Amino acid sequence: MTEPLVAGSTIGILGGGQLGRMLAMAAARLGYKTHIFEPGAAPAADVASAWTQVGYDDLDALRAFAEACDVITFEFENIPADALDVIAETTPLYPDRRALEISQDRLIEKSFLRDQDLETAPFAVITDIAEALKTTGLPAILKTRRFGYDGKGQVRVMAMEDGAAALATLNDAPAIAEGFVTFSKEISVIAARGQDGSVAVFDPGENVHDDGILSTTHVPAQIPAALRTDAVLIASRILNALDYVGVLGVELFVTPGSLVVNEIAPRVHNSGHWTQAGCAVDQFEQHIRAITGWPLGDGSRHADVVMENLIGEDVARAAPLAAEPGVQIHLYGKGEVRPGRKMGHVNRVIGPA
Ligand code: AMP
């Protein structure tokens, strides 16, 4: 086994939101410093040693940032290719570029999943909308290839004749069409792979969205044991195919008898926050361990947990919730409350696993 990165080393994190903040806190527990690269507001910078607050087009600043870090990771996917080129000159990036490039583009992502023999919704790149809808069938969902998140950049099409108008709402952005999957539940599985190729998979969680934004995750997911095993195998296959290092989230639809992969996120994931209360080693520590060469930790679940996001004005409930038994509060230190803004989350332990 290779030796872990020495204590006192610096981990660079591209992106300064709550995921970066929780990664920085986990890094500190393992004796590391963190340096945040974030042009905008950065709740992560409050708990980090350094913050470079410039845009991704400032390549000199990126170079200086990379030189100041021993290893670099990220908490969001849409990092420009030029920025990655600069980083690659000096400093290891985990997960690597390939994982990012696959997850940045829905067409490349879906094609990659299909190449792994994983089930996806039927999909087609849109050059001719009528042709694409013939491939996917109806109803369908049109999704921009890039920059979609929390259900943004998507539109549903119920009838052939509505295709062109629906596409127009995406402002001519390159897009794919996906056939509509009739699912009973949405689940996700969070998994990690270390530098030595070892894999640790957290239990699948069951997710409920509200207006496109994750609202709650329940563990254990109420699915048959066979599908639970499938979820673990799917995540492992993706990790190995990418020779991945770090934590990855996989979102899945549960259909009768099978799991359909919706998307992958090459980073810690909101639907993995329950691990903070349900596992000895949570997703944030697992990620830091993976990218710094530590052995992966014990991710087995010791508790049944419900994670609830505190979105916008929900944050006002934090204090009363804190008084309840079994409740862990996480606030992100964001000043301004805005509708749809993730302000924090709570993990409620329901009982032993
Ligand atoms: P996404 O941005 O791809 O995660 O999609 C956001 C949400 O839209 C998902 O969580 C699903 O609830 C729904 N959705 C996305 N793609 C499909 C699909 N092909 N069939 C049915 N529902 C979908």
Extreme residue, nearest to the ligand (Cβ to nearest atom), among residues of the stretch 233-256 that are hydrophobic (A, V, I, L, M, F, W, C) and touching a Pro at 6+ places or on another chain (Cβ under 8 Å): 252
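Go through the stretch 32-53 residue by residue and tally those that are out of contact with any Leu (no Cβ under 9 Å at 6 or more places or on another chain) and not aliphatic (A, V, I, L, M). I'd like the intermediate steps shown before the answer.
Quick first cut of the stretch 32-53, residues out of contact with any Leu (no Cβ under 9 Å at 6 or more places or on another chain) only: 33, 35, 39-43, 45-51, 53.
Remaining after also requiring not aliphatic (A, V, I, L, M): 33, 35, 39-40, 43, 46, 49, 51, 53.
So the answer is 9.
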Filtered residues of the stretch 180-221 (kept if buried (at least 17 other Cβ atoms within 10 Å of the Cβ), among the small types (Gly, Ala, Ser) and either part of a loop (DSSP other than H, G, I, E, B) or under 15 Å from the mean Cα position of the chain (by Cα) (or both)): 188, 191, 192, 194, 205, 221
Pairs, first over 25 Å from residue 108 (Cβ atoms) in the stretch 147-167, second within 11 Å of the ligand (Cβ to nearest atom), C-beta under 8 Å, six or more apart: 158/139
Matching option when the condition is within 16 Å of the ligand (Cβ to nearest atom) and within 30 Å of residue 180 (Cα to Cα), among 259, 310: 259
Test for residue 56: is it buried (at least 16 other Cβ atoms within 10 Å of the Cβ), of a type in the set (Phe, Trp, Tyr) and out of contact with any helix residue (DSSP H, G or I) (no Cβ under 6 Å at 6 or more places or on another chain): no
Listing of helices (runs of 4 or more DSSP H) fully contained in the stretch 275-353 that carry 1 or more residues being farther than 22 Å from residue 43 by Cα and in contact (Cβ under 8 Å) with a residue 40 or more places away in the chain: 275-278, 283-292
Out of 77, 89, sole residue that is outside any helix (DSSP H, G or I) and modelled with pLDDT under 95: 77
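The values are calculated or read from the model by the stated rules, or taken from the named source; none is laboratory data. Keep in mind the model is a prediction, meaning the values are calculated, not measured. Virtual Cβ from ideal backbone geometry, glycine too; neighbours counted across all protein chains shown.
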